[in-house]
2 protein chains.
Amino acid sequence: MSSLSVPPPQCLRKPLVVPDRRMFGPGPSNVPPRIIEAGANPVIGHMHPEIFEIMSNIKSGIQYMFQTQNKMTLAVSGTGHTAMECALFNAVEPGESVLMAVNGIWGERAADMAERIGARVNTMVAPPGGFFTTAEIEQALLKHKPVLLFVAHGESSTGVLHPLDGIGQLCHKYDCLFLVDSVASVGGAPLCMDQQGSIDILYTGSQKVLNAPPGTAPISFSERACQKIFNRKTKPVSFFLDLSWLANYWGCDDKPFRVYHHTGPVSAFYSLREGLAVLAEEGLENSWERHKTVAEYFHAGLESMGLKLFVKEKKARLPTVTTIVAPHGYDWKEITTYIMKTHNLEISGGLGPSVGLVLRVGLMGCNSTKANVDMVLAALKDALKHCHKSKV
Amino acid sequence: MSSLSVPPPQCLRKPLVVPDRRMFGPGPSNVPPRIIEAGANPVIGHMHPEIFEIMSNIKSGIQYMFQTQNKMTLAVSGTGHTAMECALFNAVEPGESVLMAVNGIWGERAADMAERIGARVNTMVAPPGGFFTTAEIEQALLKHKPVLLFVAHGESSTGVLHPLDGIGQLCHKYDCLFLVDSVASVGGAPLCMDQQGSIDILYTGSQKVLNAPPGTAPISFSERACQKIFNRKTKPVSFFLDLSWLANYWGCDDKPFRVYHHTGPVSAFYSLREGLAVLAEEGLENSWERHKTVAEYFHAGLESMGLKLFVKEKKARLPTVTTIVAPHGYDWKEITTYIMKTHNLEISGGLGPSVGLVLRVGLMGCNSTKANVDMVLAALKDALKHCHKSKV
């Protein structure tokens, strides 16, 4: 007889059952068999030579995806939020002024994070669907004199692709680091870290265009960013995200050997490596072009159904995540629920400032095909036919 | 012709190759096919009802493994270090006094983390292989008046299983939270969160006794811990690890619905769930007993070879990770390298304060069998025969 006070839970006696569905929300996206299989390789040690080789491959793959020569390029053991904290925890010291461009949820979250570590947080706010001109940004840089500017390249809550040209140069003129969130955009929209706007810190997640499971987050730091980070007066609040430790674990520093930092999620590294390999095989420009073509095909299809795109300016539409104005007279939640139930297909409502305003459809990485567009359009048509329309 | 400045890396054109080896170091341990297969299920959304159901199963499994009724029980999206930061970030405010029992690397790291968030860090230090009596702990509690005491139950760097009886009661007498690291011990050594010492915060990792890939970290908070945490004057430094957000994501609060916090690593949740299911099937007490029997068998075998156990007191020997006094006259690194090359089997050297002093062998979860002990003993015999012995 057991003397334990908590018995084994009955629910764990049932086999694990996971449905297979079309993941056409803003992420995670579907993971193709090749990447699933990579992740199912045997677990080896987080300090074995073979994992260092795989991490080195990942580093090269990220440098390619980001179009950067930065030595300080690695993957954080976490999701996009972890990468966001990694950037802010390392680049910002208490009392320093930062500027967050808020045109959706990501700017809000960056502001929340920076406040927690004692930064003086300034925000510039645009309505959902909007973005900022370089003139507006220059004005704010002059006013707040921040050490860091945050911009979300792909604002997946509103479907905006933020123009980046010229912002990096402005930042450098005012001695400010340029931090860019590309979780929803990189690989699916043109982005060259070293050229386009000279980005100082860029990060993304594994579960969007890369089609790997969530759990790793590529990040890269420019020489300028490293200069500031490695001359801090205070230690970053997190040991786990301290760049000097991460740099050593990822072989990005000049130390002769690596010291145990944390146990890297090796299985997630395998699948991230494979996602990067798939992107390298297709070629970044081909992937950009494919996402653009498919998005335009999708947008035309939506408009021909009488639906409206939430982002007015064509050039500011994110090719990976499309926001559709929530159809008038319908309950958006009924539409997404109907489509999930009837078509086994995820599309989603708004997030943060866009809740209630939009439907969101993500077609990222291998999901970005015209056949999938046709499937989504058919599901939407069916939903609009069967869901309740108010008599207004 | 591509106009990109960084070409696709050649290294990603080679197929991913991962060796299969016996993982008998201090972790990660081998992941059996059933758990690998669970992790290879399709990726679904981090907010889908099916993942909430899986998270609920995980919660029940952790409550069983920890032997706790705590409602505030969940898995952090990260490794043991993330859980350690989650505990400290939430339970400690700047300026508060904490006490770290340091008898190996984990106490050192907890001290490092607490310093970073502005706590007044006090340490009590025992030499590698040692631990603390309740009298010593009471003295230190009286002296430093900490809000939190950290103890590593399984100090995997030195092979010590720290006795916990009575410490929780002492902590409560002096109005202090009792934080216990059980990354290397839980599931393999008796531990009952709610009884034995009344632990306030307990965490572990997925990659040890649970035999899941690294990347998730079970954690549980007592009502007392929650009382302190939810009455903080300042916000925790990390949004990602803020317990009020995590509690909502894991359905541990009383809110009617869940708000998007971060994208949980769903594949890692599948394998964690399966690791917990395997433990529940065997039964916690059976698992404790098996680890004890196998460890004693191993220790006897080592002593009959003339090797010495690093931890003198039998009752303080960790049944999951055994530390062997580094054989006199040998280079420990040559031994571990020889065994890896010749036997495809990982054992490791020391870590932190135990570097150069010990060899470490981990037999955790499914790896804890007499057949594996025989394999390790044979490999050690072979290594001592073939590695260089100095003429001293």
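Key figures
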| item | result |
| --- | --- |
| Whole-Hz couplings from phi, Karplus 6.51/-1.76/1.60, listed for region A:305-312; x for Gly and Pro | 7, x, 7, 10, 7, 6, 8, 5 |
| Relative contact order for chain B, counting Cα pairs under 8 Å that sit 6 or more residues apart, in percent | 23 percent |
| Across the identical copies, how the B:Arg34 labels are spaced - nm, sorted shortest first, 7 Å along Cα→Cβ | 3.3 |
| Whole-number D in µm²/s for the protein assembly as shown (Stokes-Einstein; Kirkwood sum over Cα pairs; 25 °C, 0.890 mPa s) | 91 µm²/s |
| Portion, in percent, of the accessible area of the protein assembly as shown that falls on carbon or sulfur, probe 1.4 Å | 56 percent |
| Counted charge near A:Gln227, where neighbours are those whose Cβ lies closer than 12 Å (Asp, Glu -1; Lys, Arg +1) | 0 |
| Packing-based ranking, highest mean first, of B:156-162, B:41-47, B:176-182, A:46-52 given that Cβ atoms within 10 Å are counted | B:156-162, B:176-182, B:41-47, A:46-52 |
| Protein heavy-atom accessible area occluded, B/A pair - total, 1.4 Å probe, Å² | 7400 Å² |
| Surrounding net charge for B:Gly301, when Lys and Arg each add one and Asp and Glu each subtract one, Cβ distance under 11 Å | -1 |
| Fraction of antiparallel bridges per DSSP, region A:33-280 only, in percent to nearest 5 | 35 percent |
| Partner chain coverage, peptide B:278-290 - average Cβ within 10 angstrom | 2 |
| From the C-alpha gyration tensor of chain A, square roots of 5λ in Å | 33, 29, 21 |
| Candidate aspartates and glutamates for bridging to A:Lys255, where Cα separation is under 18 Å - those fewer than 8 sequence places away on the same chain excluded | A:Glu53, A:Glu223, A:Asp242 |
| Peptide A:251-264 - average C-beta neighbours from other chains (10 Å radius) | 3 |
| Shortest-first distances to equivalent copies, position A:Tyr260, nm, label 7 Å out along Cβ | 3.8 |
| Candidate residues B:Thr216, A:Thr342: accessible-area rank, largest first, probe 1.4 Å | A:Thr342, B:Thr216 |
| Cβ neighbours within 10 Å from other chains - mean over A:240-248 | 2 |
| Kyte-Doolittle at least 0.5, axis length at least 20 Å by Cα - qualifying DSSP helices, chain B | B:266-282 |
| Contact order normalised by residue count of region A:259-390, Cα under 8 Å, 6+ apart, percent | 26 percent |
| Highest-first arrangement of B:224-230, A:185-191, B:130-136, where packing means the average Cβ count within 10 Å | A:185-191, B:224-230, B:130-136 |
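The values are calculated or read from the model by the stated rules, or taken from the named source; none is laboratory data. Because the structure is a prediction, the values reported are computed rather than measured. Positions of Cβ are generated from backbone atoms using ideal geometry, with glycine treated the same way; all protein chains shown enter the neighbour counts. Each accessible area value is taken on the protein alone, full model and side chains, heavy atoms only, with ligands, DNA and RNA left out. Shrake-Rupley method; radii C 1.70, N 1.55, O 1.52, S 1.80 Å.
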